[in-house]
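Okay, so here's the structure we're looking at.
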Amino acid sequence: MTESNENSGKSDRLEVLKTYKMYIDGKFPRTESARYYQPVVDGTSLGNVCLASRKDVRNSVVAARSAQSAWARRTAYNRAQILYRIAEMLEGRSQQFLDELLRQGVEAESAETQIAKSIDRLIYYAGWCDKYQQVFSSVNPVASSHFNFSTLEPVGVVFVVASRDCPLLGLISLIAPVIASGNTCVVLASENSPLSAITFAEVLATSDVPGGVVNILTGRVEELSEHFSRHLDVNAIACDGLGAELDTMIKEFASETIKRVKIYNQDWSAEAAANPYLIQDFCEVKTTWHPIEQITESGASY
Amino acid sequence: MNQPQIARVFNSPVIDQVGVVERAKRFTTRSIKSEAKMQGLEMVLSMIDLTTLEGMDTEGKVKQLCYKAQHLHDSIDGLPTVAAICVYPNFVGLAKRCLAGSGINVASVATAFPSGNSSLEIKLADVSMAVSEGADEIDMVISRGRFHRGEYNFVFDEIAAVKAACGEARLKTILETGELGSLDKVRLASDIAIAAGADFIKTSTGKIQPAATMPVTLVMLEAIRDHFQKTGLMVGMKPAGGISKSKLALHYLIMVKETLGDAWLDPKWFRFGASSLANDVLMQIAKQRTGAYQAANYFAID
């Protein structure tokens with residue numbers, strides 16, 4: 001009796017397969033092009049994944065742009081709370097991420113470290129949200145009656161091409177510093193390991209991150225690189241491990257609009273891979289000359 | 001109370017709401033690409049009534065708008081100018097001076113815009129002021145309150161009186177469809193306005209949501225078509241409010257072409273009342289010419 005029940009439990013139950021869709025403007029649409037591809041790991045297909053088109057890039061940049069000013073206007077403290085919240089949600093889903101990393105061909109031990117470090121990295125940048133400004137800003141000595149100070153401002157919309165080989169940690173190691181300062185981003189997930197990026201989008205969707213702040217596409221960087229690097233409304237690009245040829249092409253296209261391109265070819269699991277300079281990489285320095293009166297004999301003012 | 005008789009006088013048909021919505025949706029499925037798209041976009045530009053109707057309008061704002069109307073985007077050669085600019089009566093004289101020799105018309109809202117709640121004397125004085133300052137076109141509002149009370153004769157007489165006060169100026173009659181309640185009422189109001197001598201019928205003031213929608217515009221276009229088939233006289237159409245994307249504007253052009261024919265694809269007979277539409281169209285044109293997606297901050301504020 002028990003045995004037959006167990007058997008029928010196994011054979012009758014049809015497994016429900018998950019459709020991995022993209023994440024644009026806080027929603028999970030399919031690509032407008034209706035195309036898909038099948039990433040293959042060790043001869044097994046990971047499933048049908050959206051193959052993003054240039055119009056998906058366009059739509060997600062529109063979403064990122066319209067979310068940007070409101071995201072930057074939030075207090076640094078609030079952005080920190082939200083980054084911390086992402087980490088909390090990620091922690092709760094770690095088993096799912098583990099399963100997917102294994103499916104994507106990551107070794108069990110390495111997968112566990114990657115997940116733990118991803119959570120820690122979010123906490124790390126959550127901590128920096130309301131502190132990087134004090135470290136990188138300055139009051140500058142000038143030879144006139146001005147109070148002169150420099151502060152960092154987010155560049156705006158950043159296009160992130162995530163690491164091919166480090167599908168979860170590499171992704172989070174770039175998204176977190178980019179959004180910490182008030183940028184919004186469009187992320188192209190690893191072509192061969194897109195599952196953890198989409199599941200991370202589900203984490204984002206349930207952790208108080210406003211729609212449009214992070215948008216995640218799946219597809220081929222070779223097809224999309226011209227479109228995002230020439231896009232006038234993309235203010236900076238972060239690339240990871242694309243190879244010299246693609247890097248050069250992206251830089252050339254980006255030069256049309258004097259767009260900042262940052263190339264990272266690093267081991268994201270290293271301790272040094274988390275640092276506040278990544279926040280600074282996607283900020284611009286704004287210097288203010290504020291007229292003042294000389295009010296004391298010693299020259300002290302303001 | 002006397003609605004049935006009057007409705008019969010104007011012989012307005014009953015509108016099949018579901019059918020109209022379905023029909024309007026089908027106009028959005030046409031594929032307009034490359035050269036046809038460019039021609040369509042330039043046609044949209046030439047049909048725009050660039051509008052500023054805010055309580056906070058200043059002379060500076062109107063001058064800026066007039067400059068924008070003549071120099072939509074100087075780095076693109078061969079662009080048309082917009083059809084007209086649309087302002088409050090007290091700015092007509094200024095706009096007329098700014099646009100002297102440009103061929104761009106000055107349209108003025110009048111008749112106690114946007115509510116239309118005032119006496120006929122005051123409304124006519126409003127129109128006379130705009131006309132004497134040199135307005136080429138007058139955008140009047142109908143008395144929606146009277147219309148809802150069934151006083152269709154009053155509405156008719158008012159439009160006729162304003163038409164007489166317009167002299168040479170062309171009269172656009174705003175039905176404010178968002179306050180009419182049903183497509184049957186929209187059709188009846190269209191028929192009344194056309195019978196009373198309106199040169200154009202216009203959907204909305206832009207102050208009430210919903211403003212122009214495709215189904216509402218389709219009902220009005222059909223009123224124009226039926227009038228043309230009966231009398232051989234053309235009446236213009238102006239959807240206003242809520243059309244801010246070039247793709248939507250192209251859908252409207254398709255609807256005009258397929259409902260009324262090519263003769264109406266002319267700024268003399270079809271207009272868009274819009275402010276942000278122009279920049280979106282310019283961005284599309286620049287995208288087609290350069291191949292790169294555009295950003296709003298490269299275009300003049302309007």
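The values are calculated or read from the model by the stated rules, or taken from the named source; none is laboratory data. Everything numeric here is computed off the predicted structure, so don't read it as measured data. Don't worry about glycine lacking a Cβ; one is built from the backbone with ideal geometry, like all the others, and counts go over all protein chains shown.
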Practice problem: Considering only the range B:18-36, state which residues are more than 16 Å from residue B:256 (Cβ to Cβ), among the small types (Gly, Ala, Ser) and modelled with pLDDT of 95 or more. | Solution: B:19
Quiz item: Among B:22, B:42, which is the only one that is closer than 26 Å to residue B:226 by Cα and part of a helix (DSSP H, G or I)?
Solution: B:22
Quiz item: What pairs come up if the first residue lies in the range A:18-33 and is over 14 Å from residue A:200 (Cα atoms), the second is at pLDDT 95 or above and hydroxyl-bearing (Ser, Thr, Tyr), and their beta carbons are under 8 Å apart, counting only those six or more places apart or on different chains?
Solution: A:25/A:60; A:31/A:53; A:32/A:53; A:33/A:53
Self-check item: Every residue from the range A:35-68 that is farther than 16 Å from residue A:234 by Cβ and not in a loop (DSSP other than H, G, I, E, B)
Solution: A:36, A:37, A:40, A:41, A:44, A:45, A:49, A:50
Quiz item: If a residue has to be within 13 Å of another protein chain (Cβ to nearest Cβ), more than 23 Å from residue B:206 (Cα to Cα) and in contact (Cβ under 8 Å) with a residue 40 or more places away in the chain to count, how many in the range B:272-287 make the cut?
Solution: 2
Quiz item: Can you tell me which residue in the range B:266-302 is surrounded by the fewest Cβ atoms within 10 Å (Cβ to Cβ), limited to those that are out of contact with any Asp or Glu (no Cβ under 9 Å at 6 or more places or on another chain), among the aliphatic types (A, V, I, L, M) and farther than 21 Å from residue B:32 by Cβ?
Solution: B:301
Quiz item: Can you tell me which residue in the range B:230-262 is surrounded by the fewest Cβ atoms within 10 Å (Cβ to Cβ), limited to those that are under 23 Å from residue B:196 (Cβ atoms) and among the hydroxyl-bearing types (Ser, Thr, Tyr)?
Solution: B:231
Exercise. For the range A:148-162, state whether one or more residues are touching a strand residue (DSSP E or B) at 6+ places or on another chain (Cβ under 9 Å) and among the aromatic types (Phe, Trp, Tyr).
Key: yes
Quiz item: Take the residues of the range A:192-220 that are over 14 Å from the mean Cα position of the chain (by Cα) and either crowded, with 21+ Cβ neighbours inside 10 Å or among the small types (Gly, Ala, Ser) (or both): which is farthest from residue A:92 (Cα to Cα)?
Solution: A:219
Practice problem: Can you confirm whether the range B:160-174 contains a residue that is in contact (Cβ under 8 Å) with a residue 60 or more places away in the chain and buried (at least 21 other Cβ atoms within 10 Å of the Cβ)? | Solution: yes
Practice problem: Please specify each residue of the range B:166-185 satisfying the condition of being within 24 Å of residue B:267 (Cβ to Cβ), in a helix (DSSP H, G or I) and hydrophobic (A, V, I, L, M, F, W, C). | Solution: B:166
Quiz item: When you look at residue B:67, is it closer than 22 Å to residue B:171 by Cα and among the aromatic types (Phe, Trp, Tyr), yes or no?
Solution: no
Practice problem: Only residues in the range B:224-235 that are within 14 Å of residue B:256 (Cα to Cα) count as the first member; pair them with residues that are among the acidic types (Asp, Glu) and buried (at least 17 other Cβ atoms within 10 Å of the Cβ), Cβ under 7 angstrom, at least 6 apart or cross-chain, and list the lot. | Solution: B:235/B:199
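Residues are listed down the side, and each one gets a yes or a no for (1) touching a Gly at 6+ places or on another chain (Cβ under 7 Å); (2) of a type in the set (Phe, Trp, Tyr); (3) closer than 30 Å to residue A:113 by Cβ:
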position	(1), (2), (3)
A:228	no, yes, no
A:232	no, no, no
A:235	yes, no, no
A:245	no, no, no
A:248	no, no, no
A:252	no, no, no
A:258	no, no, no
A:268	yes, yes, yes
A:272	no, no, yes
Exercise. Output yes when any residue across the range B:117-131 is at pLDDT 95 or above, touching a Leu at 6+ places or on another chain (Cβ under 6 Å) and either surrounded by 16 or more Cβ atoms within 10 Å (Cβ to Cβ) or not in a helix (DSSP H, G or I) (or both), and no when none is.
Key: no
Quiz item: Any idea which residue in the range B:94-108 is farthest from the chain's Cα centre (by Cα), counting only those that are closer than 14 Å to residue B:169 by Cβ and either modelled with pLDDT under 95 or surrounded by fewer than 24 Cβ atoms within 10 Å (Cβ to Cβ) (or both)?
Solution: B:96
Quiz prompt | Residue within the range A:75-98 that is among the polar types (S, T, N, Q) and within 14 Å of chain B (Cβ to nearest Cβ) present | solution = no
Exercise. Within the range B:35-57, count every residue that is over 24 Å from residue B:101 (Cβ atoms) and either in contact with an Asp or Glu (Cβ under 8 Å, 6 or more places away or on another chain) or without any contact (Cβ under 8 Å) to a residue 24 or more places away in the chain (or both).
Key: 6
